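The values are calculated or read from the model by the stated rules, or taken from the named source; none is laboratory data. From a predicted model like this one, the values you see are computed outputs, not experimental measurements. Backbone-built Cβ (ideal geometry, glycine too); neighbour counts: all protein chains shown. Just the protein is used for accessible areas: all its heavy atoms, side chains included, with ligands, DNA and RNA removed. Shrake-Rupley method; radii C 1.70, N 1.55, O 1.52, S 1.80 Å.
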Number of protein chains: 2
Amino acid sequence: MAVADCGAAFLFSHPENCPNARRFSIQVPAGRSRLHIPLAMSSAAVPPPEEPPSPVRFGIMGCGSIARKLSRAMLLVGPAVDVAAVASRSRDKARLFAADNGLPAGTRLHGSYQALLDDPDIDAIYLPLPTSLHLKWATAAAERGKHLLLEKPTAPCAAELDHILAACEASGVQFMDSTMWMHNPRTAKMRQLIADHDTIGDVRVINSIVSFRANEEFLKNDIRVKPDLDGLGALGDIGWYCIRAILWAVGYELPKNVIALRHPVKNEAGVVLACGASLYWADGKVATFHCSFLTNLTMDVTVVGTNGTIHVTDLVIPYDEKYGPFSLDSKTNFTELTTGWDPHPSKNVVTTDLPQEALMVQEFCRLVRNIKDAGGKPEGKWPAITRKTQIVVDAVKTSIDNGCESVDVVS
Amino acid sequence: MAVADCGAAFLFSHPENCPNARRFSIQVPAGRSRLHIPLAMSSAAVPPPEEPPSPVRFGIMGCGSIARKLSRAMLLVGPAVDVAAVASRSRDKARLFAADNGLPAGTRLHGSYQALLDDPDIDAIYLPLPTSLHLKWATAAAERGKHLLLEKPTAPCAAELDHILAACEASGVQFMDSTMWMHNPRTAKMRQLIADHDTIGDVRVINSIVSFRANEEFLKNDIRVKPDLDGLGALGDIGWYCIRAILWAVGYELPKNVIALRHPVKNEAGVVLACGASLYWADGKVATFHCSFLTNLTMDVTVVGTNGTIHVTDLVIPYDEKYGPFSLDSKTNFTELTTGWDPHPSKNVVTTDLPQEALMVQEFCRLVRNIKDAGGKPEGKWPAITRKTQIVVDAVKTSIDNGCESVDVVS
């Protein structure tokens, strides 16, 4: 199993540009584990940079709770990121956010989103506003030449996303959606195993369940249950992860069609609180998923191939931000008289010094610096992956709206 | 959590009737586990029987590979079981089977199934013949007053099963299908947790994946790919487990309707090699499953409730016959800034001295003795559970045959 097999090698940041380049290692606990997974890469061999890179100057557009997590991530990345400005609908809110989250004294505070866009000393915008506002502000940011880290779901529908992506492309700015687990080194390790035909073989079946039990306050007032704010509800908020995980598992091959599971749960305003779907590929691969605001915290992805199976049960947010566990079965036989398994699954843990959201920021900044300092071009795989995810979200939403009939997925 | 909460208390055998009554304990490994699961019951307080019970005299009808596992189980149970006779289509085969499997010298060898039925010193028949032969031989056994432990799938369709069950009822004999994992103490422990509303809450979502990678010889010659022998293919052989597990998780409430997943895989003779379905209940519960002869060994059931989640990844055949691991999440929150989970899942192991197939034989024998020695009546819950499983298998098969349209489940 060589590094060249790693289909997600792009997930690794380049240590020479990142003073806090992460390390990771595979820990195989004593006991049943049979498999040794070699390190995919190590930063040890890379000499330290002679000069620190110029920081990427971030503006945070909106002070919702997810922005707190991201501002922490920016601070964790270190000098490669400058949290240059924060904007909210009032300057007081921005000030409070900066104070609560320990932002540097020099962070500029803006009382409107437009003021942030008018700030000339900003390279990139992190945009966690409600989805219904993405088209306006993401497009405006791109048109001002700001690189864009956009929260998911990226748009209410693919048509709006396409406007945003077109604006980014026209301005030559980097686009990335904020799907944090994509940047966990565990994700790269699992993708490496999936891509290794000897280990997993042909992926044939995938299941994903992502849910959390929202409280009454959430179900009444959160933006994710409001049709005019995050109208995709649970499908957009966490079904996004299921769909992304499924696409990730199949190397981003779009399914041919999707069929929503019957009886999605909606609130009085018609926003989905729980739903699911089955997805079908031309070659017979099949995936199912379920997402819900109404059941206990669950973040499963199971990938079953002809040769092996991968289980992960904390995909979206690891139990502990420094440890990424997963289980691997490969070429599993029954013991004599089918009284047991041989081999037992291997329990693996990928460790990381930086949490996945910081690694995301780090990777985004690497791409931004490549454009602004080295004359490079935006990395096209990130908007491409986003668009595929949004297209499948759209198809599931259409199936839900059409009485759970089959909907063709059209790129 | 009291013993009274245990919805599967019937799974526990009565130690006073079983010299080899099993013990089990919950082992919570050091580390992340937060949950202590009390013992549901202990055999320590029950005085030993004064006299050994009269053994149940078993006849094994058919010498397929699964019969090897069951004959070992009968020997493990000890003096409560007498492997009285073995029948095959030739006496030489029966002799070879007895020798290969270490059966007692006194085990009678029959060269036809009819000869076994004509053997007057048999209390019970274990019947592992191909499914297409169940109607004839299971009915004949019941009519001869033999208690019946029948391999799954129990029949090609519920109508044939109903003939078998009617014959058992008319003769007053015990019926049980040979779904071994039902008798693992882990199953009872998990059922106890599911039934405890505080722990799991309302079950809303279930997923099950059961598969093994059959080799070329199997896919060419095994009875499970032959339309005239086990015509339900993977659906009957392992989809049976998925469906049973789903019904088990919901307390055997039948779904209202089922819809097969598109594009089931069939062989040239039309036998299903891989398929799946979604199942829907009137109250909005939803389950999905997939079963396959074409992917790596996988035996998952995930039960997601409003308060908690249970994961088991070796449900049908535990990795090791003495240990039953499962994972439990209950009332799981995010940590501050949603950077982790609180609490982490508890990793639990239910141990057993006897493997699940021996516990099944033991429980079956307890029920038989209750009839033959104590004048009791057959335990009706076992045929009832079998019938519900078969009805759902039928509905999925009908959906597959009808182009994956919705099929109502009619009891």
Every pair of residues 6+ apart whose Cβ atoms lie under 7 Å, when the first sits in segment B:63-87 and is away from chain A (no Cβ under 12 Å) and of a type in the set (Gly, Ala, Ser) while the second is surrounded by fewer than 23 Cβ atoms within 10 Å (Cβ to Cβ) and in a helix (DSSP H, G or I): B:87/B:113; B:87/B:115
Test for residue A:306: is it surrounded by fewer than 23 Cβ atoms within 10 Å (Cβ to Cβ), in contact with a helix residue (DSSP H, G or I) (Cβ under 9 Å, 6 or more places away or on another chain), under 22 Å from residue A:284 (Cβ atoms) and at the interface with another protein chain (Cβ under 7 Å from one of its Cβ atoms): yes
Count of segment A:268-287 residues which are open to solvent by 10 Å² or more (accessible area, probe 1.4 Å) and either out of contact with any Leu (no Cβ under 7 Å at 6 or more places or on another chain) or basic (Lys, Arg) (or both): 7
In segment A:251-267, the residues that are open to solvent by less than 20 Å² (accessible area, probe 1.4 Å) and either away from chain B (no Cβ under 11 Å) or in contact with a Leu (Cβ under 7 Å, 6 or more places away or on another chain) (or both): A:255, A:258
Lone qualifier among A:326, A:293, A:364, A:334 - being closer than 18 Å to residue B:333 by Cα and among the aromatic types (Phe, Trp, Tyr): A:293
Number of positions in segment A:104-161 that are out of contact with any strand residue (DSSP E or B) (no Cβ under 8 Å at 6 or more places or on another chain) and charged (D, E, K, R): 5
Total residues in segment B:64-112, condition hydroxyl-bearing (Ser, Thr, Tyr), open to solvent by 30 Å² or more (accessible area, probe 1.4 Å) and outside any loop (DSSP other than H, G, I, E, B): 1
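Kindly indicate whether residue B:99 is touching a helix residue (DSSP H, G or I) at 6+ places or on another chain (Cβ under 9 Å) and farther than 12 Å from residue B:60 by Cα. Step through it out loud before you land on a result.
Numbers: touching a helix residue (DSSP H, G or I) at 6+ places or on another chain (Cβ under 9 Å): no; farther than 12 Å from residue B:60 by Cα: yes.
Judged against the criteria, residue B:99 is not a match.
Please go through segment B:309-367 and give me each residue that is of a type in the set (Ser, Thr, Tyr) and either out of contact with any helix residue (DSSP H, G or I) (no Cβ under 7 Å at 6 or more places or on another chain) or within 10 Å of chain A (Cβ to nearest Cβ) (or both), ordered by number. Let's see the steps before the verdict.
Let us first name the residues in segment B:309-367 that are of a type in the set (Ser, Thr, Tyr), namely B:309, B:313, B:319, B:323, B:327, B:330, B:332, B:335, B:338-339, B:346, B:351-352.
Hits for segment B:309-367 are B:309, B:313, B:319, B:323, B:327, B:330, B:332, B:335, B:338, B:339, B:346, B:351.
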The lone exception for residue A:293 - which of (1) more than 7 Å from chain B (Cβ to nearest Cβ); (2) under 20 Å from residue B:343 (Cα atoms); (3) open to solvent by 10 Å² or more (accessible area, probe 1.4 Å) it fails: (3)
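Open to solvent by 20 Å² or more (accessible area, probe 1.4 Å) and either among the hydrophobic types (A, V, I, L, M, F, W, C) or touching a Pro at 6+ places or on another chain (Cβ under 9 Å) (or both), is that true of residue B:344?
Working: open to solvent by 20 Å² or more (accessible area, probe 1.4 Å): yes; either among the hydrophobic types (A, V, I, L, M, F, W, C) or touching a Pro at 6+ places or on another chain (Cβ under 9 Å) (or both): no.
It is false that residue B:344 is open to solvent by 20 Å² or more (accessible area, probe 1.4 Å) and either among the hydrophobic types (A, V, I, L, M, F, W, C) or touching a Pro at 6+ places or on another chain (Cβ under 9 Å) (or both).
Restricting the search to segment A:399-411, which residues are more than 12 Å from residue A:261 (Cα to Cα) and outside any loop (DSSP other than H, G, I, E, B)?
So the first thing to find is which residues in segment A:399-411 are more than 12 Å from residue A:261 (Cα to Cα), and the list is A:407-411.
Correct list: A:407, A:408.
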Test: residue B:121 is closer than 21 Å to residue B:364 by Cβ and in a strand (DSSP E or B): no
Count of residues meeting criterion [of a type in the set (A, V, I, L, M) and open to solvent by 20 Å² or more (accessible area, probe 1.4 Å)] in segment B:384-406: 1
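Somewhere in segment B:226-240, is a residue within 19 Å of residue B:298 (Cβ to Cβ) and open to solvent by 50 Å² or more (accessible area, probe 1.4 Å)?
Here is the first cut: in segment B:226-240, the ones within 19 Å of residue B:298 (Cβ to Cβ) are B:233-240.
Restricting the remaining residues to those that are open to solvent by 50 Å² or more (accessible area, probe 1.4 Å) gives none.
Scanning segment B:226-240 turns up no residue that is within 19 Å of residue B:298 (Cβ to Cβ) and open to solvent by 50 Å² or more (accessible area, probe 1.4 Å).
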Subset tally (residues that are surrounded by 20 or more Cβ atoms within 10 Å (Cβ to Cβ), in a helix (DSSP H, G or I) and in contact with a His (Cβ under 9 Å, 6 or more places away or on another chain)) for segment A:140-185: 4
